[in-house]
Amino acid sequence: MELLLLQPVGINLISVFSSPNDNMLWTLDNKCNVYVRIGITEEMPIGIDWEHVPGLQACQLVVSARTVWALCPNGDIARRYGITEKNAAGDYWKKIPGNMSWLTVTPQDELWGVGSTGSLLQRLTRTYSHHLHIPKSDHLHVNSDFEDEWEVI
């Protein structure tokens, strides 16, 4: 089945990026502006409209099952926070340390990049709990702070 998604009027879309679970669809135009497809549901898998996502310009997006990462034209990297089923565009971009020439992300949100010197890097994330007592569980869901860094591979 072929689906036709119309471009926003007056916009020239050049790249499209989807999540591995098909719940998110993001795109870039020829001026490095970012757009997200809103209204994607099981009942409406093509969504209802494109929404401009302000805050930065990007030359590449990578989409995991739960978030979007942007590579800016100057090599900066940003993550989009606040993305939910009801808020496809999320709330804000937050730049993270590093300067890359290319990115990719796994469905589990493990970010990989090619540095400006050509080295392969993986972003490491350590999760710290706010709770003093943590029950042992394979499926633990707690609020967490993140400390991020890159490891040369």
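A few notes on this one:
- Residues of segment 41-63 that are in a loop (DSSP other than H, G, I, E, B) and at pLDDT 95 or above: Pro54, Gly55, Leu56, Gln57, Ala58, Cys59.
- Segment 50-80, subset under 21 Å from Pro20 (Cα atoms) and free of Cβ contacts under 8 Å to residues at least 24 places away in the same chain, residue surrounded by the fewest Cβ atoms within 10 Å (Cβ to Cβ): Ala78
- Candidates in segment 61-91 are the residues that are farther than 17 Å from Ser101 by Cα and of a type in the set (S, T, N, Q); of these, the one that is nearest to the chain's Cα centre (by Cα) is Thr67.
- Residue that is modelled with the lowest pLDDT [pool: residues in segment 1-23 that are surrounded by 13 or more Cβ atoms within 10 Å (Cβ to Cβ) and in a strand (DSSP E or B)]: Leu13
- Pairs meeting the criteria (first residue in segment 1-18 and within 13 Å of Arg37 (Cα to Cα), second residue at pLDDT below 90 and among the charged types (D, E, K, R), beta carbons under 7 Å, at least 6 apart or on different chains) are lacking.
- Candidate set: segment 103-119, residues that are free of Cβ contacts under 8 Å to residues at least 60 places away in the same chain and exposed (fewer than 14 other Cβ atoms within 10 Å of the Cβ); chosen: the one farthest from Gly47 (Cα to Cα): Thr117
- In segment 137-152, the count of residues that are surrounded by 14 or more Cβ atoms within 10 Å (Cβ to Cβ) and either at pLDDT 90 or above or under 20 Å from Pro20 (Cα atoms) (or both) is zero.
- Residues of segment 103-123 that are in a loop (DSSP other than H, G, I, E, B) and of a type in the set (Gly, Ala, Ser): Ser116, Gly118, Ser119.
- Residue match in segment 82-92 (condition: surrounded by fewer than 18 Cβ atoms within 10 Å (Cβ to Cβ), touching an Asp or Glu at 6+ places or on another chain (Cβ under 6 Å) and closer than 30 Å to Val152 by Cα): yes
Yes or no, residue by residue, for (1) charged (D, E, K, R); (2) more than 19 Å from Ser15 (Cα to Cα); (3) modelled with pLDDT under 95; (4) in a strand (DSSP E or B):
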| position | (1), (2), (3), (4) |
| --- | --- |
| Trp69 | no, no, no, yes |
| Asn74 | no, no, no, no |
| Ile83 | no, yes, no, no |
| Asn87 | no, yes, no, no |
| Gly98 | no, yes, yes, no |
| Ser101 | no, no, no, yes |
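The values are calculated or read from the model by the stated rules, or taken from the named source; none is laboratory data. Worth saying up front: this structure is predicted, and the values here are computed from it rather than measured. Methodologically, a virtual Cβ is constructed for each residue, glycine included, from the backbone with ideal geometry; neighbour enumeration extends over all protein chains shown.
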